[in-house]
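Single-structure report; data block below.
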Amino acid sequence: MARALRLLIAFVRLGRPHFLIGGFVVYGLGAALAALMGATIDWRRFLLGQVAVTATQLMTHYANDYFDFAADQANTTATRFSGGSRVLPAGELPIIVALGAALVLATVAIAAIGLLARLGPVGRLPAGLMAAAFFLAWGYSAPPLQLHSRGVGEITTAVVVTLLTPLLGFVLQTGHLRLLPFLAVMPLCAMQFAMLLAIEFKDAAGDEAVGKRTLVVRWGGARAARLYQVAVAVAYLWLPMAVVLGLPVAIAGGILITAPLALWLISQMSRGIWHQPVRWETLAFATVALLVATSMAELAAVLWLLRGL
């Protein structure tokens, strides 16, 4: 019984469930924006979409640990946010378990996408968005695409998590795309991109050793650090234009709440935190916190606006 419990815990850790929080928040943000535009929430569609999102996200976690096994083995500087779950390199489970779990979850995601398509006209666009997210998520680490080694893994993740996921939540309730969700999620896309860079600094040596060509490996630490600063700054510099184009001021204000943390991160990057191993985990944690806190603040702002309707 004790051994079975240990194996179960290892299997759950392999899926890194703590990263699912972001998927719930940004998907919920998309649905909340739809409600702000007058849509009545269809909870059947909402829950089916959440199943598709969560299954795809978990599939990606298990698949990444399987396909990145060599890189994770070579990584001697892993943190809570990088280097995989560490379950497979530690020998806690056979590597094939990760692939099996990924394939089962892929089946669940595909089934959910099929059910979305059966919802009629309202379901076809969401099914298309979900299919695109599924394709990119699988191709992130799986051959033959292995997008994370082609210099596009970071932008791919930003598109899947912080663009396609909230758009899915939005169009499942409205049946069409509008400008508002794009205006709202662009800062999150920039932060997600920066978050990937922050995580890759610590993984760079192991990634390079096995040919995993992330942007940090391709560009080097100094250039990647400047790109990180630009991405974080763009998240906030985008807001004046977004407000002019129709983003409610309250939502922009929710995003601005996290500006002090963003400024601190930009200043720390200028001081060379990216090449100080002892501070890599702080950098990763703070950047993850920036994305999560901004997403939650934005969702809270939308919900506050909905109270006044």
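The values are calculated or read from the model by the stated rules, or taken from the named source; none is laboratory data. Nothing here was measured: the structure is a model prediction, and the numbers come from that model. We place every Cβ from the backbone using ideal geometry, glycine too, and count neighbours over all the protein chains shown. All accessible areas refer to the heavy atoms of the entire protein, side chains included, with ligands and DNA or RNA removed. Shrake-Rupley method; radii C 1.70, N 1.55, O 1.52, S 1.80 Å.
For the stretch 29-45, residues that are open to solvent by less than 40 Å² (accessible area, probe 1.4 Å) and either in a loop (DSSP other than H, G, I, E, B) or at pLDDT below 95 (or both) total 1.
Here's the yes/no breakdown for (1) within 20 Å of L20 (Cα to Cα); (2) out of contact with any Phe, Trp or Tyr (no Cβ under 8 Å at 6 or more places or on another chain); (3) among the acidic types (D, E):
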site	(1), (2), (3)
L99	yes, no, no
V108	yes, yes, no
L115	no, yes, no
R118	no, yes, no
F135	yes, yes, no
G151	no, yes, no
V161	yes, yes, no
H176	no, yes, no
V185	yes, yes, no
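Residue-level check: of (1) outside any loop (DSSP other than H, G, I, E, B); (2) within 30 Å of G253 (Cβ to Cβ); (3) open to solvent by 10 Å² or more (accessible area, probe 1.4 Å), L136 misses just (2).
Conditions (1) more than 20 Å from Q57 (Cβ to Cβ); (2) surrounded by fewer than 19 Cβ atoms within 10 Å (Cβ to Cβ); (3) touching a Lys or Arg at 6+ places or on another chain (Cβ under 6 Å), marked per residue:
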| position | (1), (2), (3) |
| --- | --- |
| L125 | yes, no, no |
| M130 | no, no, no |
| S141 | no, no, no |
| L145 | no, yes, no |
| H148 | no, no, no |
| G151 | yes, yes, yes |
| V161 | no, no, no |
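Scan the stretch 13-28 for residues that are open to solvent by less than 70 Å² (accessible area, probe 1.4 Å) and assigned to a helix (DSSP H, G or I) and the total you get is 10. Considering only the stretch 223-246, I want to know if a residue exists there that is touching a Leu at 6+ places or on another chain (Cβ under 7 Å), of a type outside the set (S, T, N, Q) and at pLDDT below 95. Yes: the stretch 223-246 contains one or more residues that are touching a Leu at 6+ places or on another chain (Cβ under 7 Å), of a type outside the set (S, T, N, Q) and at pLDDT below 95.
Residues in the stretch 176-194: is at least one of a type in the set (V, I, T) and surrounded by fewer than 19 Cβ atoms within 10 Å (Cβ to Cβ)? Taking every residue of the stretch 176-194 in turn, none turns out to be of a type in the set (V, I, T) and surrounded by fewer than 19 Cβ atoms within 10 Å (Cβ to Cβ).
Beta carbons closer than 8 Å, at least 6 apart along the sequence or on distinct chains, pair a first residue in the stretch 270-299 that is over 13 Å from M191 (Cα atoms) and modelled with pLDDT under 95 with a second that is charged (D, E, K, R) and part of a helix (DSSP H, G or I) for I273/R279; P277/K202; W280/K202; E281/K202.
Is at least one residue of the stretch 57-66 among the charged types (D, E, K, R) and at pLDDT below 90? No: zero hits. Checking A70, A109 one by one, the residue that is among the small types (G, A, S) and open to solvent by less than 40 Å² (accessible area, probe 1.4 Å) is A109 and no other.
Residues of the stretch 41-54 being aliphatic (A, V, I, L, M) and in contact with a Phe, Trp or Tyr (Cβ under 9 Å, 6 or more places away or on another chain), which ones? If the condition is that a residue be aliphatic (A, V, I, L, M) and in contact with a Phe, Trp or Tyr (Cβ under 9 Å, 6 or more places away or on another chain), then A52, V53 are the ones that fit.
Taking each residue of the stretch 142-155 that is under 23 Å from A194 (Cβ atoms) and looking for partners that are at pLDDT 90 or above and of a type in the set (D, E, K, R) with beta-carbon atoms closer than 9 Å, six or more apart or interchain, yields H148/E154; G151/R218. Looking for something closer than 27 Å to P126 by Cα and open to solvent by 20 Å² or more (accessible area, probe 1.4 Å) - is there at least one such residue anywhere in the stretch 77-88? The answer is no, given that none of the residues of the stretch 77-88 is closer than 27 Å to P126 by Cα and open to solvent by 20 Å² or more (accessible area, probe 1.4 Å).
Out of the residues in the stretch 47-65 that are of a type outside the set (S, T, N, Q) and free of Cβ contacts under 8 Å to residues at least 60 places away in the same chain, which is farthest from F24 (Cα to Cα)? For the stretch 47-65, the residue satisfying everything is D65.
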